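S.K.: Pasting a structure here, questions to come.
The values are calculated or read from the model by the stated rules, or taken from the named source; none is laboratory data. Remember, predicted model here, so these are calculated numbers, not experimental data. Using ideal geometry, Cβ is built from the backbone for each residue, glycine included, and neighbour counts are taken over all protein chains shown.
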């Protein structure tokens, strides 16, 4: 605990000392557990030194956010979602590789807040909407959705991921969290999500997973259905609005993954 105090973290960021203490003690417990098992001192692919490097590079907000909104999800659920995978580390180049973006885990808080916002807006019809995570990576968003709503939705939550090793990890995470009956991950191009659609009402979740060409095709394919679009790190926001989607909710954060826009497209709107 002396290291945390010496950095004067809580005074500099107004973060309660007990919050920082919880984070630090949890990391130490994991470290001791893995040392007893004779493993390398790593916490689901990340070490205490990695947190220190985050702090040095981007300030204290990044490691605090990463722990509570990414790493802690895996600690609680026993899953593998939080560690990012850059395209240069792919073992093979899937079809459409040029239009893909690196994998990064969504923030637990932002996924939940976005879903609750839509739920409040649509009321009882919320369960008629089918949830899709396009470019789902390791499946965190559909797991969160399923944990929040259980068996209440009338349609299965679907993830689509074009890189098979990530899709395989997502499937494993669904099994670990007992979500396999309620969710499904397909190793597929996100543009093919209509093949797995069972509702005329959908919620599309995207965390800036692909380039403009793929995103444009997806948006154009939504002409005959009612869509809510949750867009994290909205790099192509002009494209979305040009395709007939209306911005309903805007939350700009300190980091790109804390910036979330929610759009809506009615059935009657014409895509330009």
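S.K.: Would you mind stating whether residue 259 is under 22 Å from residue 144 (Cα atoms), loosely packed, with under 14 Cβ neighbours inside 10 Å and out of contact with any helix residue (DSSP H, G or I) (no Cβ under 7 Å at 6 or more places or on another chain)?
M.R.: When the stated conditions are applied, residue 259 does not pass them.
S.K.: When only residues in segment 46-60 that are outside any helix (DSSP H, G or I) and in contact with a helix residue (DSSP H, G or I) (Cβ under 8 Å, 6 or more places away or on another chain) count, which is farthest from residue 256 (Cα to Cα)? Steps first, please.
M.R.: Narrowing segment 46-60 to residues outside any helix (DSSP H, G or I): 46-47, 59-60.
After this cut, where a residue has to be in contact with a helix residue (DSSP H, G or I) (Cβ under 8 Å, 6 or more places away or on another chain) as well, the list is 46, 60.
Values: 46: 21, 60: 16 Å.
Of everything passing the filter in segment 46-60, 46 is farthest from residue 256 (Cα to Cα).
S.K.: May I ask you to verify whether residue 187 is out of contact with any helix residue (DSSP H, G or I) (no Cβ under 7 Å at 6 or more places or on another chain) and surrounded by fewer than 21 Cβ atoms within 10 Å (Cβ to Cβ)? Write out each step before concluding.
M.R.: Details: out of contact with any helix residue (DSSP H, G or I) (no Cβ under 7 Å at 6 or more places or on another chain): no; surrounded by fewer than 21 Cβ atoms within 10 Å (Cβ to Cβ): yes.
No, not satisfied.
S.K.: Got a sec? Which of 176, 262 is touching a residue at least 24 places away in the same chain (Cβ under 8 Å) and more than 21 Å from residue 122 (Cβ to Cβ)?
M.R.: That would be 176, the only listed residue that is touching a residue at least 24 places away in the same chain (Cβ under 8 Å) and more than 21 Å from residue 122 (Cβ to Cβ).
S.K.: Something else about it: Looking at segment 119-128, is at least one residue crowded, with 24+ Cβ neighbours inside 10 Å, modelled with pLDDT of 95 or more and touching a strand residue (DSSP E or B) at 6+ places or on another chain (Cβ under 9 Å)?
M.R.: no
S.K.: Working carefully through the options 151, 172, find the one that is out of contact with any strand residue (DSSP E or B) (no Cβ under 6 Å at 6 or more places or on another chain), at pLDDT 95 or above, assigned to a helix (DSSP H, G or I) and in the same structural domain as residue 251 (by TED's automatic domain parsing).
M.R.: 172
S.K.: How many residues does segment 119-141 hold that are in a helix (DSSP H, G or I), free of Cβ contacts under 8 Å to residues at least 60 places away in the same chain and touching a helix residue (DSSP H, G or I) at 6+ places or on another chain (Cβ under 8 Å)?
M.R.: So the answer is 3.
S.K.: Test of understanding: among 63, 16, which residue is modelled with pLDDT of 50 or more, surrounded by fewer than 17 Cβ atoms within 10 Å (Cβ to Cβ) and touching a helix residue (DSSP H, G or I) at 6+ places or on another chain (Cβ under 9 Å)?
M.R.: Values: 63 fails: surrounded by fewer than 17 Cβ atoms within 10 Å (Cβ to Cβ).
Unique residue meeting the criteria: 16.
S.K.: Okay, next question. Residues that are surrounded by fewer than 20 Cβ atoms within 10 Å (Cβ to Cβ) and free of Cβ contacts under 8 Å to residues at least 24 places away in the same chain: does segment 67-80 have at least one?
M.R.: Within segment 67-80 (the criterion being surrounded by fewer than 20 Cβ atoms within 10 Å (Cβ to Cβ) and free of Cβ contacts under 8 Å to residues at least 24 places away in the same chain), the answer is yes, since at least one residue qualifies.
S.K.: Same structure, new question: May I ask you to list the residues in segment 200-212 that are closer than 17 Å to residue 129 by Cα and crowded, with 18+ Cβ neighbours inside 10 Å?
M.R.: Keep residues of segment 200-212 that are closer than 17 Å to residue 129 by Cα, which gives 200-206.
Passing the criteria: 201, 202, 203, 204, 205, 206.
Table: residues versus (1) part of a strand (DSSP E or B); (2) over 22 Å from residue 116 (Cβ atoms); (3) without any contact (Cβ under 8 Å) to a residue 40 or more places away in the chain.
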position: 180; (1), (2), (3): no, yes, yes
position: 185; (1), (2), (3): yes, yes, no
position: 191; (1), (2), (3): no, yes, yes
position: 204; (1), (2), (3): yes, no, no
position: 213; (1), (2), (3): no, yes, no
position: 216; (1), (2), (3): no, yes, yes
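S.K.: When you look at residue 195, is it surrounded by fewer than 20 Cβ atoms within 10 Å (Cβ to Cβ) and either touching a strand residue (DSSP E or B) at 6+ places or on another chain (Cβ under 8 Å) or without any contact (Cβ under 8 Å) to a residue 60 or more places away in the chain (or both), yes or no?
M.R.: Values: surrounded by fewer than 20 Cβ atoms within 10 Å (Cβ to Cβ): yes; either touching a strand residue (DSSP E or B) at 6+ places or on another chain (Cβ under 8 Å) or without any contact (Cβ under 8 Å) to a residue 60 or more places away in the chain (or both): yes.
So residue 195 fits the description; yes.
S.K.: Taking segment 235-247, which residues are closer than 29 Å to residue 165 by Cβ and either in a strand (DSSP E or B) or out of contact with any helix residue (DSSP H, G or I) (no Cβ under 7 Å at 6 or more places or on another chain) (or both)?
M.R.: Answer for segment 235-247, where residues must be closer than 29 Å to residue 165 by Cβ and either in a strand (DSSP E or B) or out of contact with any helix residue (DSSP H, G or I) (no Cβ under 7 Å at 6 or more places or on another chain) (or both): just 235.
S.K.: Could you go through segment 134-148 and let me know if any residue there is assigned by TED's automatic domain parsing to the domain that holds residue 235, at pLDDT 95 or above and farther than 25 Å from residue 261 by Cβ. Spell out how you get there, then give the answer.
M.R.: Taking segment 134-148 first, the residues assigned by TED's automatic domain parsing to the domain that holds residue 235 are 134-148.
So of that shortlist, the ones also at pLDDT 95 or above come out as 134-148.
Adding the requirement that they be farther than 25 Å from residue 261 by Cβ leaves none.
There is no residue in segment 134-148 that is assigned by TED's automatic domain parsing to the domain that holds residue 235, at pLDDT 95 or above and farther than 25 Å from residue 261 by Cβ.
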